[in-house]
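Before any comments, here is the structure.
The values are calculated or read from the model by the stated rules, or taken from the named source; none is laboratory data. Computed from a prediction, not measured in an experiment: that's the story for all the values here. Every residue, glycine as well, gets a Cβ built from its backbone with ideal geometry; the counts of neighbours run over all protein chains shown. SASA here: full protein model, heavy atoms, side chains in, ligands and nucleic acids out. Shrake-Rupley method; radii C 1.70, N 1.55, O 1.52, S 1.80 Å.
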Amino acid sequence: KKWIQEEWRFQVEVTDGDAKNCRLGLEKGDIFSFEYETPQDFCPRALSEIYTYCEIIRCGGNFTYRGSKEKYSIDLSCPCNCIKFRLLAVPKE
């Protein structure tokens, strides 16, 4: 049973890329939402990098420290450089 209440939720949107170039078939327009868990059908390799950015938010930071112009939105590439993502952090109310 989950006993820690998350303060943030995250959304990952595929902003560029073709399904034929991705081992999981991710393509532009795909959207995944999650709090702490791994989103179903999402790339575990890409999530290992995205998770680091989620921890920045969970620890009180923001994405400007990583070069983004937005505090809670950042553009990233998958480790294979075939898919591009936008990670959005949303505080829970």
Point to revise | Residue within segment 9-25 that is assigned to a helix (DSSP H, G or I), among the aliphatic types (A, V, I, L, M), modelled with pLDDT of 90 or more and surrounded by 13 or more Cβ atoms within 10 Å (Cβ to Cβ) present | key: yes
Check your understanding: Can you name the number of the only condition in (1) more than 25 Å from residue 5 (Cβ to Cβ); (2) at pLDDT 95 or above that residue 88 fails?
Key -> (1)
Review point. Looking at segment 77-93, which of the residues that are more than 21 Å from residue 35 (Cβ to Cβ), of a type outside the set (A, V, I, L, M, F, W, C) and touching a residue at least 12 places away in the same chain (Cβ under 8 Å) is least open to solvent (accessible area, probe 1.4 Å)?
Key: 79
Exercise for review: Could you please tell me which pairs satisfy a Cβ distance under 6 Å, a separation of 6+ or placement on different chains, a first residue in segment 1-18 that is over 22 Å from residue 81 (Cβ atoms), and a second residue that is at pLDDT 90 or above and open to solvent by less than 60 Å² (accessible area, probe 1.4 Å)?
Suggested key: 6/35; 8/57; 8/89; 9/35; 9/90
Check your understanding: Do we find that residue 53 is touching a helix residue (DSSP H, G or I) at 6+ places or on another chain (Cβ under 9 Å) and closer than 21 Å to residue 83 by Cβ in this structure?
Key -> yes
Check your understanding: Taking the stated definitions as given, is residue 74 over 20 Å from residue 6 (Cβ atoms), open to solvent by less than 40 Å² (accessible area, probe 1.4 Å) and β-branched (Val, Ile, Thr)?
Key -> no
